[in-house]
Amino acid sequence: MLNRFLLPPAFLLSTVAAQAPARAKPARSNSEQTAEAVQKRREAEFAKLMTGCKMVGFFTMSNRPEQKPQEESYSIAKATKLRGNRWRFDATVKYGKREFTLPFAVQVEWAGDTPMIQVTDLAVPLVGTYTARVLIYRKHYAGMWEGKGHGGHMYGTIVPAGGDKPEQQPAKNNNAGKQAANWPSFRGSHANGIAEGYSTPVTWNVETKQNIRWRTPIPGLSHSSPIVWGNRLYVTTAVKEGKADLKVGLYGNITSVPDEGRHEFRLLCLDKNTGEVLWSKTAWKGTPKVKRHPKGSHAACTPATDGKHVAAFFGSEGLYVYDMDGNLKWKKNFGVLDAGYYRVPDAQWGFASSPVIFENKVLVQCDVQGQSFLACLDVDTGDAIWRTDRDEVPTWCTPTVHVSDKRRQVIVNGYKHIGGYDLDTGKELWKTSGGGDIPVPTPVVKDDLVYITNAHGRLAPILAISVNAKGEFGLSAEDSDSMVWSHRRRGSYLITPLVYGNELYCCNSSGVLSCIDAKTGKLVYRERLGSGGTGFTSSGVAADGKLYFTSEEGEVYVLRAGREFEVLAVNELGETHLSSPAVSAGTVYFRTRGHIVAVSRAH
């Protein structure tokens, strides 16, 4: 049966019914207006899903029940709504060695949030006349077809434009399939903050448990992010007797929290599907050597994993590497790592740089009062591979690893020393300096450009640097070819930037979001999330064409990615939230003040 064509009835209307004479419309109620807005959003999402997609699946034939389902695939170049329930699908038809794209007329009816495509006696050139009814849910389709005196069922997966394989289809390489759902360190793979291939939620409700997969209490105070590998989720925490004080919001207090007494620094492992705590290991007990900021935590470093090891860093209290079942393999003490304000050394703010595991190496960036350094250790033994001193003030930045055909490097943010180091030797490759004097955001790499931002003090730059940068250069693009473009203002103090598609998103501490053309640096839009009175610390993530930015009060802003500012929903987590979420296989994991909350579309 040649590429039978039933694109969930792939086809569109080429004509539209004549328009009825205009009549005065009665005023609509608020509920009617809301329902209309919701339906428009659903239709826009449906058009986006179907445009440029491939439908990969199977069909059966009712007159041949003994025959196994036959494989088929269909392509839809474009899906366009016309009027009412009428749509036009520009679908690709294959007949023998011939392939051509034609417009077809279909009807789309809606059962709540689920569209059903209908065609009746549709004539497909060179193929025949067919009738079909096909339901579309998330990235799956199922339905029936009739034609040429027989019929059957059809079902499969929709691969969106740019996708490389159907969602949840068995991968040819099982390890590759698992890797796609992993979130191994701060902001996921290479800190890019992106997880594709699965449908992610737009709305949820913690109180009613709508789209809440599970919600598990976690003791202590922690701003570290969860990480995910396989079916396990890992997170660190710092537990003391009684509840630790936490002051969120927009304020300028540089003083430290007074001595809080004894703590337990722990690494926890949860089942990512159920939220069950599988084990909890105490890495260290005692009174922390360095105090924390009123908005900070003694467990601010996100752990890292490579599927064999889990590295948990607690600053002055050491680096601990476990196997995946929680057995300690080794630990390393670097001495007191005081990352306080360099202008007021007595102001201690804790430590926050997260470890990175790459190619059997553990990398740590330790910019502190005294001698700052970047270190590379063997992940199996803890032995030093190299250690490079840095002339740097305290920072709270996590390094990024980038490997290309031309170079293997570790890229770091900083104030006196933003730069790249050879991954294998620790030798400096390039350097720039200046900008904000309290750097926090992690470097992000996309399409041969390194994006770095920081703030505080005189400048708040956004920098786009070539991954092949050389030598030492200034912050201006006019000074060196290594600096592709730069802005002296509008950079972020705390939040790591997000590059998704062709856009760079930078959100500042008061929720002002800048969307910038990633290649040219041209501002696309600049809009505010919230009222301006709420702080933002959590770094944004992206998945399924959506952006997720969370305020310190636990308000999650879900935006449509792209060059138009569109807030799809604002959802409450019910607690304060300062860590960055993790995303795995369509579920977004938030580490709130007292819980891990797993949010996903209804299963």
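Quick check on region 575-583. Is at least one of its residues in contact (Cβ under 8 Å) with a residue 60 or more places away in the chain, of a type in the set (Ser, Thr, Tyr) and either surrounded by fewer than 17 Cβ atoms within 10 Å (Cβ to Cβ) or closer than 24 Å to Trp229 by Cα (or both)?
yes
Can you run down the residue pairs with Cβ atoms below 7 Å, 6 or more apart or on separate chains, where the first is in region 407-422 and crowded, with 23+ Cβ neighbours inside 10 Å and the partner is among the hydrophobic types (A, V, I, L, M, F, W, C) and not in a strand (DSSP E or B)?
Within 7 Å, the pairs are Gln409/Leu423; Val410/Leu423; Val412/Cys397; Asn413/Cys397; Gly414/Cys397; Tyr415/Val393; Gly420/Ala469.
Would you confirm whether or not region 304-327 contains a residue that is among the aliphatic types (A, V, I, L, M) and more than 29 Å from Asn192 (Cα to Cα)?
no
Can you tell me which residue within region 475-503, out of those that are among the β-branched types (Val, Ile, Thr) and not in a strand (DSSP E or B), is surrounded by the fewest Cβ atoms within 10 Å (Cβ to Cβ)?
Of everything passing the filter in region 475-503, Ile495 is surrounded by the fewest Cβ atoms within 10 Å (Cβ to Cβ).
Of the residues Thr92, Thr101, which is at pLDDT below 80 and buried (at least 17 other Cβ atoms within 10 Å of the Cβ)?
The match here is Thr92.
Is it fair to say Thr520 is closer than 21 Å to Asp389 by Cβ, surrounded by fewer than 20 Cβ atoms within 10 Å (Cβ to Cβ), among the β-branched types (Val, Ile, Thr) and modelled with pLDDT of 95 or more?
Criteria not met by Thr520.
Name the residues in region 516-527 that are more than 20 Å from the chain's Cα centre (by Cα) and assigned to a strand (DSSP E or B), would you?
Result: Leu523, Val524, Tyr525, Arg526, Glu527.
Is it the case that Phe11 is modelled with pLDDT under 80, within 18 Å of Ala123 (Cβ to Cβ) and aromatic (Phe, Trp, Tyr)?
Spelling it out, Phe11 is indeed modelled with pLDDT under 80, within 18 Å of Ala123 (Cβ to Cβ) and aromatic (Phe, Trp, Tyr).
If you go through region 394-411, how many residues are part of a loop (DSSP other than H, G, I, E, B) and of a type in the set (S, T, N, Q)?
3
Within region 321-340, restricting attention to residues that are surrounded by 24 or more Cβ atoms within 10 Å (Cβ to Cβ) and under 28 Å from the mean Cα position of the chain (by Cα), which residue is modelled with the highest pLDDT?
Val321
Restricting attention to region 233-242, does a residue exist that is outside any strand (DSSP E or B) and either closer than 30 Å to Arg601 by Cβ or of a type in the set (Lys, Arg) (or both)?
No, that holds for no residue.
Within region 441-468, how many residues are closer than 29 Å to Arg343 by Cβ, in a loop (DSSP other than H, G, I, E, B) and in contact with a Phe, Trp or Tyr (Cβ under 9 Å, 6 or more places away or on another chain)?
Number satisfying all stated conditions: 8.
Consider region 553-603. How many of its residues are in a loop (DSSP other than H, G, I, E, B) and farther than 19 Å from Ser514 by Cα?
19
Go through the residues of region 158-173 one by one and say whether even a single one is acidic (Asp, Glu) and either over 23 Å from the mean Cα position of the chain (by Cα) or at pLDDT 90 or above (or both).
No, region 158-173 has no match at all.
In region 363-399, which residues are within 27 Å of the chain's Cα centre (by Cα) and either without any contact (Cβ under 8 Å) to a residue 12 or more places away in the chain or farther than 27 Å from Ser492 by Cβ (or both)?
The answer is Cys376, Val379.
Is there a residue being touching a Cys at 6+ places or on another chain (Cβ under 6 Å), modelled with pLDDT of 95 or more, under 24 Å from Ser579 (Cα atoms) and surrounded by 20 or more Cβ atoms within 10 Å (Cβ to Cβ) anywhere in region 354-364?
Within region 354-364, one or more residues are touching a Cys at 6+ places or on another chain (Cβ under 6 Å), modelled with pLDDT of 95 or more, under 24 Å from Ser579 (Cα atoms) and surrounded by 20 or more Cβ atoms within 10 Å (Cβ to Cβ).
Given Lys281, Lys295, Lys289, Lys329, which one is out of contact with any Phe, Trp or Tyr (no Cβ under 9 Å at 6 or more places or on another chain) and in the same structural domain as Ser538 (by TED's automatic domain parsing)?
Lys289
Please count how many residues of region 423-450 are surrounded by fewer than 18 Cβ atoms within 10 Å (Cβ to Cβ) and either under 20 Å from Lys361 (Cβ atoms) or among the hydrophobic types (A, V, I, L, M, F, W, C) (or both).
Summing the residues that are surrounded by fewer than 18 Cβ atoms within 10 Å (Cβ to Cβ) and either under 20 Å from Lys361 (Cβ atoms) or among the hydrophobic types (A, V, I, L, M, F, W, C) (or both) in region 423-450 gives 4.
When you check Lys329 against the structure, is it part of a strand (DSSP E or B) and without any contact (Cβ under 8 Å) to a residue 40 or more places away in the chain, yes or no?
Criteria not met by Lys329.
I'm checking my understanding of the structure. Among residues of region 365-393 that are polar (S, T, N, Q) and in a loop (DSSP other than H, G, I, E, B), which one is surrounded by the fewest Cβ atoms within 10 Å (Cβ to Cβ)?
Thr381
So for region 527-536 (the condition being assigned by TED's automatic domain parsing to the domain that holds Val248, surrounded by fewer than 17 Cβ atoms within 10 Å (Cβ to Cβ) and modelled with pLDDT of 95 or more), does at least one residue qualify?
Checking region 527-536: at least one residue is assigned by TED's automatic domain parsing to the domain that holds Val248, surrounded by fewer than 17 Cβ atoms within 10 Å (Cβ to Cβ) and modelled with pLDDT of 95 or more.
Among the residues of region 177-193, are any of a type outside the set (Val, Ile, Thr), more than 17 Å from the chain's Cα centre (by Cα) and assigned to a loop (DSSP other than H, G, I, E, B)?
no
In region 537-557, which residues are surrounded by fewer than 24 Cβ atoms within 10 Å (Cβ to Cβ) and within 14 Å of His223 (Cα to Cα)?
Across region 537-557, the qualifying residues are Thr537, Glu552, Glu553, Gly554.
Report, by residue number, each residue of region 397-406 that is surrounded by fewer than 24 Cβ atoms within 10 Å (Cβ to Cβ) and farther than 21 Å from Asn468 by Cα.
Scanning region 397-406 gives no hits.
Give the residues of region 195-213 that are surrounded by fewer than 20 Cβ atoms within 10 Å (Cβ to Cβ) and either aliphatic (A, V, I, L, M) or under 16 Å from Ala569 (Cα atoms) (or both), sorted by residue number.
Matches in region 195-213: Val202, Thr203, Asn205, Gln210, Ile212.
Filter region 240-258 down to the residues that are of a type outside the set (A, V, I, L, M, F, W, C) and touching a Pro at 6+ places or on another chain (Cβ under 9 Å), then identify the one that is surrounded by the most Cβ atoms within 10 Å (Cβ to Cβ).
By that ranking, first place goes to Ser256.
Working only within region 451-463, note down all residues that are surrounded by fewer than 24 Cβ atoms within 10 Å (Cβ to Cβ) and either of a type in the set (A, V, I, L, M) or touching a Gly at 6+ places or on another chain (Cβ under 8 Å) (or both).
His456, Gly457, Leu459, Ala460, Pro461, listed by residue number.
The values are calculated or read from the model by the stated rules, or taken from the named source; none is laboratory data. Remember, it's a predicted structure, so these values are computed and weren't measured experimentally. All Cβ positions, glycine included, derive from the backbone under ideal geometry; neighbour counts span all protein chains shown.
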